[in-house]
Amino acid sequence: MTASGTFITFEGIDGSGKSTQARRLADTLRAEGHDVVLTREPGGSAGAEEIRKLVLEGDPDRWSAETEILLFTAARRDHLERTILPALTKGQVVICDRFADSTRMYQGLSRGDLRTVVDQLHSLMIGREPDLTILIDMDPDTGLNRALARQGSEERFEDFGPELQRQMRAGFLALADEYSDRFQIVDGARDMDSIAADVHAITLKALALKALA
Ligand code: ADP
Ligand code: TYD
């Protein structure tokens with residue numbers, strides 16, 4: 001099976017506007033006639049949504065860092081098998097709110113240096129990177145305030161506080177440098193329309209490149 005669709009992911013710290021921009025991009029592309037699947041992680045398939053509850057609700061110390069890597073990767077494997085790869089095979093545009101780069105950051109950095117373990121498990125069980133990753137970069141204090149203003153029971157990582165968010169921002173920027181072929185950085189500290197316009201322009205360029213490939 002060859003995957004002919006385009007796989008786009010959004011990354012960034014909590015509250016940076018990923019979900020908002022992923023939704024807007026999906027709406028805009030659909031209005032332009034593209035066949036779009038909008039999905040998210042952890043989740044995006046029935047099994048992965050069940051795992052989402054296990055990792056994002058309840059006592060924050062419920063899992064060790066290593067167990068968490070296994071759970072996020074198990075969720076991703078199910079999501080990949082049942083949602084992402086079938087859509088790409090049909091030639092659809094898959095827009096995913098977070099993917100493996102989030103595991104590289106959150107599980108790879110937040111409780112010791114586990115990045116190597118994350119990468120090893122990724123190559124063993126996932127082995128797929130996005131065609132385009134849009135990093136919404138912004139000041140962590142603003143992101144955290146936006147994230148905490150939302151009501152909900154999924155406060156797992158937001159609860160870790162501003163220091164972790166600062167570490168995550170720096171980590172995401174370093175990751176963008178490491179995978180510079182697929183990352184595009186967008187300034188998230190602006191109004192939603194300006195960000196959406198940049199995201200749309202970047203995506204059209206990537207779709208055009210993919211069509212030439
Ligand atoms: P994420 O998915 O990155 O956590 P969200 O898209 O859920 O971020 O946005 C977090 C909160 O901030 C939401 O309440 C959303 O409406 C708001 N928000 C998103 N983008 C902007 C923006 N550019 N300016 C102001 N508020 C925003
Ligand atoms: P998400 O719903 O995208 O949160 P937000 O909208 O606040 O950005 O993701 C929920 C949390 O899960 C978020 O704090 C980041 C965390 N997460 C990981 O720790 N590892 C992962 O692999 C993924 C995909 C998410």
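The values are calculated or read from the model by the stated rules, or taken from the named source; none is laboratory data. As the structure is a computational prediction, the values presented were derived from the model and not from experiment. Here Cβ is always computed from backbone atoms with ideal geometry, including for glycine, and neighbour counts include all displayed protein chains. To get the accessible areas, we keep the full protein, side chains included, count just its heavy atoms, and leave off ligands, DNA and RNA. Shrake-Rupley method; radii C 1.70, N 1.55, O 1.52, S 1.80 Å.
Quick notes on this one:
- Residue satisfying all of: in the stretch 140-159; of a type in the set (A, V, I, L, M, F, W, C) and surrounded by fewer than 16 Cβ atoms within 10 Å (Cβ to Cβ); modelled with the highest pLDDT among these: Ala149
- Within the stretch 98-116, residues that are more than 8 Å from ligand 2 (Cβ to nearest atom) reach partners that are open to solvent by 10 Å² or more (accessible area, probe 1.4 Å) and assigned to a loop (DSSP other than H, G, I, E, B) with beta carbons closer than 6 Å, at six or more positions or on different chains, in the pairs Gly108/Leu114.
- Residues of the stretch 11-60 satisfying the condition of being in contact with a Gly (Cβ under 9 Å, 6 or more places away or on another chain), within 11 Å of ligand 1 (Cβ to nearest atom) and among the hydrophobic types (A, V, I, L, M, F, W, C): Ile13
- Leading residue by the ranking (modelled with the lowest pLDDT) among those in the stretch 160-184 that are surrounded by fewer than 17 Cβ atoms within 10 Å (Cβ to Cβ) and touching an Asp or Glu at 6+ places or on another chain (Cβ under 8 Å): Pro162
- Evaluated against (1) open to solvent by 20 Å² or more (accessible area, probe 1.4 Å); (2) in contact with a Gly (Cβ under 8 Å, 6 or more places away or on another chain); (3) of a type outside the set (D, E, K, R); (4) modelled with pLDDT under 95, Gly91 falls short on exactly one condition, (4).
- Flag if Ile69 is of a type in the set (A, V, I, L, M), within 14 Å of ligand 1 (Cβ to nearest atom) and out of contact with any strand residue (DSSP E or B) (no Cβ under 8 Å at 6 or more places or on another chain): no
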